[in-house]
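Following: one structure in structure tokens, then a few remarks.
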Amino acid sequence: MTDRRDIGSRLENWARVYRDHTRVGISPTGAYCDQLRRDAEGEKPAPERRKLDEADAQLIERGMRELETKHRMLLYWCYIRQAQPEVVCRKMAIAHRPATVFVKAFRDAQDAIAHIVEPRDTFHDS
């Protein structure tokens, strides 16, 4: 099992694993040539700041299938697409004023996925 982390960092990890990694404006040939130049000059690659936890991301992805559509889409727009709150509100027909309306919807979506992916205690005293 993965270490205990808050749902926000787990969702960020999920987004890094499942986000489309293509960058607009960078040709594959140009990226390859840059890599060859760095190798020829002996540059060492920058160490990755955060390691990906693909097993946890897969657990979150499976949990997404159980979420209500509104929660799943809100998390998609916020984490995968990295859209600004006003864009998310417009796309999902959420009132953008007061800001607490968006914050509550966002927290509700986080709580919903957390409830699904958290290990459950199946032992009950009857």
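With a bin width of 5 angstrom, please list the P(r) values of region 52-99 as percents of all Cα-Cα pairs, from the 0 bin to the one holding the largest distance.
It works out to 5, 20, 24, 22, 14, 10, 5, 1, in whole percents.
Can you give me the solvent accessible area of Thr29 with a 1.4 Å probe, rounded to the nearest 10 Å²?
Surface accessible to solvent at Thr29 totals approximately 100 Å².
For region 95-111, take each phi angle, set θ = phi - 60°, evaluate the Karplus expression 6.51 cos²θ - 1.76 cosθ + 1.60, and give the result in whole Hz per residue in order, putting x for glycine and proline.
Residue by residue, region 95-111 yields 4, 8, 10, x, 4, 5, 5, 5, 4, 5, 4, 5, 5, 4, 5, 4, 5 Hz.
What lysines sit close enough to Lys104 to cross-link, taking a C-alpha to C-alpha distance under 23 Å and skipping anything fewer than 8 places away on the same chain?
Leaving aside lysines fewer than 8 places away in the same chain, those within reach of Lys104 are Lys70, Lys91.
Can you tell me which of 72-81, 110-119 comes out highest on packing, and rank the rest after it, using the mean Cβ neighbours within 10 Å?
Going by the mean number of other Cβ atoms within 10 Å, highest first, we get 72-81, 110-119.
Starting from the Cα of Glu86, step 7 Å along the direction of its Cβ; do the same at Glu68; then give the gap between the two resulting points in nm.
Distance between the two pseudo-spin positions: 2.7 nm.
Please give, to one decimal in nm, the separation of the simple spin-label points placed at Arg37 and Arg19, each 7 Å out from Cα toward the Cβ.
2.5 nm
Per 0.36 nm of contour for each residue apart, how much would the distance between Leu52 and Thr100 grow if the chain were fully extended, relative to their Cα-Cα spacing?
So the chain would gain 14.1 nm between Leu52 and Thr100.
The values are calculated or read from the model by the stated rules, or taken from the named source; none is laboratory data. No experiment lies behind these values; they were computed from the predicted model shown. Neighbour counts are summed over all protein chains in view; Cβ atoms, including those assigned to glycine, are modelled from backbone coordinates with ideal geometry. The protein model used for the area step is the full one, side chains on, heavy atoms only, and it has no ligands, DNA or RNA in it. Shrake-Rupley method; radii C 1.70, N 1.55, O 1.52, S 1.80 Å.
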